[in-house]
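Where a number appears in this text, it was derived from the coordinates with a stated rule and is not lab data. As the structure is a computational prediction, the values presented were derived from the model and not from experiment. Cβ: placed from backbone, ideal geometry, glycine included. Neighbour counts: every protein chain shown.
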Amino acid sequence: MKVGFFIGCNTAFNRPDLELAVRYAFPRLGVELDDLIGQSCCPTSGTMPSIDLVGWCALGARNYAIAEERGLDMITVCSTCFGSLVRTRYYMLTNRGIQKQVNRILQEIGREYKGISRVRHATPYLYKEIGLEKIKEAVKYRLDGLTVALQPGCLTLWPSQLQADKENDPFHPQILREMCEALGASVPGYSRLLDCCGMGAMRSTDMERSFYLAERKITSIRTEINPHLIVTGCSSCLIQLDTTQEFLQKRRRIYYEIPVLHYMQLLAFCLGADPEAVTSMSRIRPDRVLLDLLLRYQ
Amino acid sequence: MKTAVEIDVNSGIGTAVMPKISHSRGYSCSMLNNTQPFSEIFDPAQGQPGLIQEIPELRATKILECTQCGKCAAACPLVLSGFSFYNKRVIQTIVVGFKDLILNDSSIWACQSCNRCTEVCPMGVDPFEIMLATRRMAVREYALPTTAIEGIKSLYDTGHAVYISEAGIPRKKLGLPETPPTTTTYHEALLEVQTIMKKTVLAELGLIPMGVFGITERL
């Protein structure tokens, strides 16, 4: 099985440890990754989408065209990339006029958008294509006794009608929970599970308000389930929840810290990756939690 | 004592005094004007009637389906964090025709693109599409925050909206190539992205130096 790896800006430049985790985990589950050489930004909603629909679709279509030339689908660990690419595909496939305009632009660079390849989110991709049983068999270290709090990531869930691997009920997401349980972790729910983390455009527009959302979320997680780790399905949530706790501590808003990992980092760890490497960019070190687990296997 | 949202019964579009998080949560005051309450009374007759036509032209075609039921607002992170112009109110303000109200506020640029509104809308309006179309309208009036311009410039210059030039060091430590296999490694790929961007409305707007229409970057 082979799939294109759409890396995404935040993963490539902010969290290369996450990129490493994906490159570690996927081949070990029997999925070969293609680099999609020459890929660009998805583009994210603050740039071309806020200027021109056709320009947005054209940049998205170029990324799709690279995958189509290789006959592959794309996977991404970033909800923003996923959401942007899902939408551009929807616009181009439902509106012939837009697709024609896009292909006229793509002609200039010798590419064409055909509408074959799809973009898929990495976690649901593994859930559907590999399955929980095979993941259970492949893991070296299990997370028994570990409590994790989930943060699925908005665009992984919504708009569900445009997605290929949608949840049965996006307001009660199951995929990420089942994936964590497959690794042995216990995954209790908490009241603000579906709340937004505050990353993205809100953080660049107004940090205070963005922190306010993160604080609500983290406080709810801590007071209701007090987990060992927060596990996200989205690279933006990962960055937001990992970095804001430091700010909130400085402002005396919280007096604790909970390490945050992307599901792919946790999976890579369970498959035997060096925990130091696949979490190397984390501000809040998950070392104690992960090394405790490793000690059991010594 | 101010309540969370005060609706002025005398006004047409419901003037609101947004809660300042800075007071209730102990944060310092924010830098942007979305924290300032607007408590003037607006006369709907003063609205600009043609405004509603602009939005479908900017590709949000279903705005007139909106019944102002408020489901989108109930799901919106902008509401949760106290921004003045969230999906429902943006639609309302456009329908009544107060362009300046939206342009003078940074709320639309804080939209998280989370698509909760699109998911819950019972009328199929796709409010997120309207937020984007409203941004497109604001861009055509050159009313956009500098962070947006920086993102667009970064996209044009590197092929990535988020680009960190120092990322090579941690990447190398992890045994990854210093630059990812994207436009940052392959110059021809970057030229493709730039060719595409030059063919869009962005070039006509002249927001960033692109070497077209005589706008170039000179250092």
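Counting charges near residue A:90 (Lys, Arg +1; Asp, Glu -1) among other residues having Cβ under 12 Å from its Cβ returns a value of +1. Kirkwood hydrodynamic radius (Cα pairs, Å) of the protein assembly as shown? Computed over Cα pairs of the protein assembly as shown, the Kirkwood hydrodynamic radius comes out at 23.6 Å. Calculate the tail of P(r) for region A:2-121: the fraction of all Cα-Cα distances greater than 22 Å, expressed in %. Roughly 30 percent, once rounded to a whole number.
Applying 1/(1 + (r/R0)^6) with r as the Cβ-Cβ distance of residue A:181 and residue A:250 and R0 = 41 angstrom yields a FRET efficiency of 0.70. Among the trypsin sites (Lys or Arg not before Pro) in region A:99-195, those placed in a DSSP loop whose Cβ has at most 15 other Cβ atoms within 10 Å are A:114, A:140. Averaging 1/r over each pair of different alpha-carbon atoms in chain A and inverting the result gives 19.6 Å, the Kirkwood hydrodynamic radius. Placing unit charges on each Cβ (+1 for Lys and Arg, -1 for Asp and Glu) gives region A:140-296 a dipole about its Cα centre, and among A:245, A:188, A:160 the Cα reaching farthest toward its positive end belongs to A:245. Straightening the chain between residue A:296 and residue A:140 buys 55.0 nm, computed as 0.36 nm per residue apart minus the Cα-Cα spacing. Using a cut-off of 10 Å between beta-carbons, work out the net charge of the residues near residue B:137 (Lys and Arg +1, Asp and Glu -1, residue B:137 not included). Taking every Cβ under 10 Å from that of residue B:137, the sum is +1. To the nearest 0.05, what FRET efficiency results for residue A:1 and residue A:69 with a Förster distance of 22 Å applied to their C-beta separation? It comes to 0.75.
Distance between the pseudo-spin-label points of residue B:57 and residue B:41 (7 Å out from Cα toward the beta carbon): 3.4 nm.
Put simply, the C-alpha atoms of region B:146-205 give a gyration tensor, and the ellipsoid matching it has half-axes of 26, 14, 5 Å, longest first. Going by Cα centres, region A:223-298 and region B:116-166 are how many Å apart? Taking the Cα centre of each part, region A:223-298 and region B:116-166 sit 30 Å apart. For chain A, a Gaussian network of Cα nodes joined below 10 Å ranks A:248, A:143, A:271 by mean-square fluctuation, and the top entry is A:248.
A straight Cα-to-Cα reach below 19 Å connects residue B:198 with the lysines A:100, B:153, residues fewer than 8 places away in its own chain not being considered. What lysines could a cross-link reach from residue B:88, if we take a straight Cα to Cα line under 27 Å and drop same-chain neighbours fewer than 8 places away? Filter leaves A:166, A:217, B:2, B:20, B:62, B:71, B:99. Residues whose amide H falls under 5 Å from that of residue A:119, counting only those 5 or more places apart or on a different chain, are A:74, with hydrogens built in the peptide plane. With r defined as the distance between the Cβ atoms of residue A:288 and residue B:100 and R0 fixed at 60 Å, what FRET efficiency is calculated, to the nearest 0.05? Calculated transfer efficiency: 0.65.
Extending 7 Å from Cα along the Cβ direction at residue B:65 and again at residue B:185 yields two label points whose distance is 4.3 nm. Scanning residues 5 or more positions from residue A:260 or on other chains, those with amide H under 5 Å from its amide H are A:230, A:284, with H placed 1.01 Å from N in the peptide plane.
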